[in-house]
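The structure appears right after this line, and notes come after that.
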Amino acid sequence: MDIKKIRAETPGIAHGIHLLACGSALAPRPVVDAVMSYLDLEARIGGYEAHAQEAQMLDATYGSVARLIGAKPHEIAILENATVAWCQAFYALPLKKGDRIITCQAEYAANYVAYLHRQKTEGIEIDIVPNDETGALDLTALETMITERTALISITWVPTNGGLVNPAVGVGAIAKKHGIPYLLDACQAVGQMPVDVEALQCDFLSATGRKFLRGPRGTGFLYIRETWLESLEPASLDHFSAPLVDSSRYAVRADARRFETWENSYALRAGLKVACDYAMDIGLDAIQQRAWMLAADLREKLVELPGCSIMDLGAEKCAIVSFTIDGLDPQFAVNSLREKGIAIGMTNQASSLLDAERRNLPVMLRISPHYYNNESDLDACFAALEELV
């Protein structure tokens, strides 16, 4: 990996130290150029005309996303964010009263709200898998919880509030063994580690462009295994997802684009395509190795700070570092480092409420280095935190 070249292609490097890839990573110059060039084209010749001129490139975005996760282009729907993508799959599933959903302790709050919504409106039930001794989802417990009423296994692979990596491949094996649909929230996984839907054996996978993938905000995508495409109809349709045949009939599209609507931002799609291609050119194995190494180095540094507690769970830890420092207010720390040109974040209980309640978590500081960061970035961040202790 040519770090010097990568940093030179990252405009944000010149304006400070950014250590919050799990929130919204710094986009590389080719992504920025793709978005801006497309907007400029729209400004010069018009939106419809730009679409017509760049239709082939825009259509190739599906192939780029598919290659990123080992899928087929017709299994990909491009949406405006990961939550919309996830909801499109979840609300399309024909759940009924008494059906049970199995989820995890580290489930993302937005997903859990949707479970509660369908519990309220349709009478489904929610089962939460306990964690194993490392803090990851317990696969043995998962399998014992499956009953004839289990209608869906839906988990977050990498939670928003720390470095945990749930055993998504193991979950997929269990789901397939029992013939249960499997919905995987890969929002924090895509872009920082290899993702292969065949190895995962998931039926549905949702992700965003803005985080570790380094794409534009306002982009996300949904993978739907092709075996579901004939039977799963979206909760809502328009004339793009289901063109009118005549005044009394419509025909739902045969591909995953049945989960899209007619209008979208083509400029952002252009940026998403380039972000996928950029990550693939570097290599997801290399990206994971470097990002996770930087995070591991940071954890080793942080434990040297008086009163610092690393809060990450799991035997395997990714490039998200969550921690607390006795007596240091997280918001004050974030603001103080921002004044020094260092971007870190914090995570509150609401984002992963089940985990926060189980562990009695306070508001935590959150740092997520990416492969474009270097050791001097970590040293500067540590030194800035050390001044606050």
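None of the figures in this text is laboratory data; all of them are computed from the coordinates on show. Since we're looking at a predicted model, the values are computed, not measured. Note: ideal-geometry Cβ built from the backbone for every residue, glycine included; neighbour counts use all protein chains shown.
Below, the figures for the structure above:
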| read-out | value |
| --- | --- |
| Computed lengthening from D326 to A296, 0.36 nm per intervening residue step minus Cα-Cα distance | 8.7 nm |
| Greater than 30 Å apart at Cα, pairs in K177/K211; K317/K340; K120/K176; K97/K273; K120/K211 | K177/K211; K97/K273; K120/K211 |
| Per-q log10 I(q)/I(0), the chain, q = 0.06, 0.08, 0.12 Å⁻¹ (Debye; single scatterer per alpha-carbon; no solvent) | -0.24, -0.43, -0.95 |
| Debye, to nearest 20: dipole size of the range 30-281, +1 on Lys, Arg Cβ, -1 on Asp, Glu Cβ | 240 |
| Cα gyration tensor, the range 1-82 - rounded (a/c under 1.5), prolate or oblate | oblate |
| For the range 116-154 versus the range 358-383, the gap between their alpha-carbon centres in whole angstrom | 31 |
| Residue-count net charge about T156 - beta-carbon cut-off 9 Å; Lys, Arg +1, Asp, Glu -1 | -2 |
| With eigenvalues of the C-alpha gyration tensor scaled by 5 and rooted, the range 172-319, Å | 37, 20, 13 |
| Proximal charge balance of I13 [Cβ under 13 Å; K/R count +1, D/E count -1] | +3 |
| Antiparallel bridge percentage (DSSP; both residues within the chain; nearest 5) | 55 |
| GluC sites (Glu not before Pro) lying in DSSP loop within the range 64-170, provided at most 13 other Cβ fall within 10 Å | E133, E148 |
| Chain lengthening between Y250 and V113 when straightened (0.36 nm per residue, less Cα-Cα) | 46.1 nm |
| Leading residue at positive end of dipole, the chain (Cβ point charges), from F212, Y371, W228 | W228 |
| Computed over the chain: relative contact order in percent, which uses C-alpha pairs under 8 Å that are six or more apart | 23 |
| Shape call, the range 1-140: gyration tensor on alpha carbons, a/c limit 1.5 | oblate |
